[in-house]
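Worksheet for the structure shown next.
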């Protein structure tokens with residue numbers, strides 16, 4: 001029989017949350033909105049598979065905002081293929 005083990009108090013169950021933006025312009029607008037609220041996000045990184053930036057919430061959870069290249073919609077399968 002297996003005994004469940006609780007995570008250590010310092011390690012959150014959720015370590016990362018990702019959001020997809022419509023396109024790079026929407027991504028930049030989200031970054032500007034975060035900055036206007038006094039939060040310092042990372043810089044937007046552009047790559048062949050899309051653009052994105054990360055920031056951390058007060059609990060240390062990483063938040064990623066991502067936009068596919070050229071405004072393309074990206075499916076969950078596309079995102080998993082890049083991992």
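Some values worked out for this structure:
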quantity	calculated
Residues that are in a strand (DSSP E or B), out of contact with any helix residue (DSSP H, G or I) (no Cβ under 9 Å at 6 or more places or on another chain) and more than 14 Å from residue 19 (Cα to Cα), drawn from segment 33-74	45
Top-ranked residue of segment 8-21 - restricted to ones that are touching a strand residue (DSSP E or B) at 6+ places or on another chain (Cβ under 7 Å) and assigned to a loop (DSSP other than H, G, I, E, B), ranked as modelled with the lowest pLDDT	15
Any pair with Cβ under 7 angstrom, 6 or more apart, that starts in segment 21-33 at a residue that is on the phi > 0 side of the Ramachandran plot and ends at one that is modelled with pLDDT under 95	none
Those residues of segment 34-83 which are surrounded by fewer than 13 Cβ atoms within 10 Å (Cβ to Cβ), under 23 Å from residue 14 (Cβ atoms) and modelled with pLDDT of 95 or more, in sequence order	45
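The values are calculated or read from the model by the stated rules, or taken from the named source; none is laboratory data. All values reported here derive from a predicted model rather than from experimental measurement. Backbone-built Cβ (ideal geometry, glycine too); neighbour counts: all protein chains shown.
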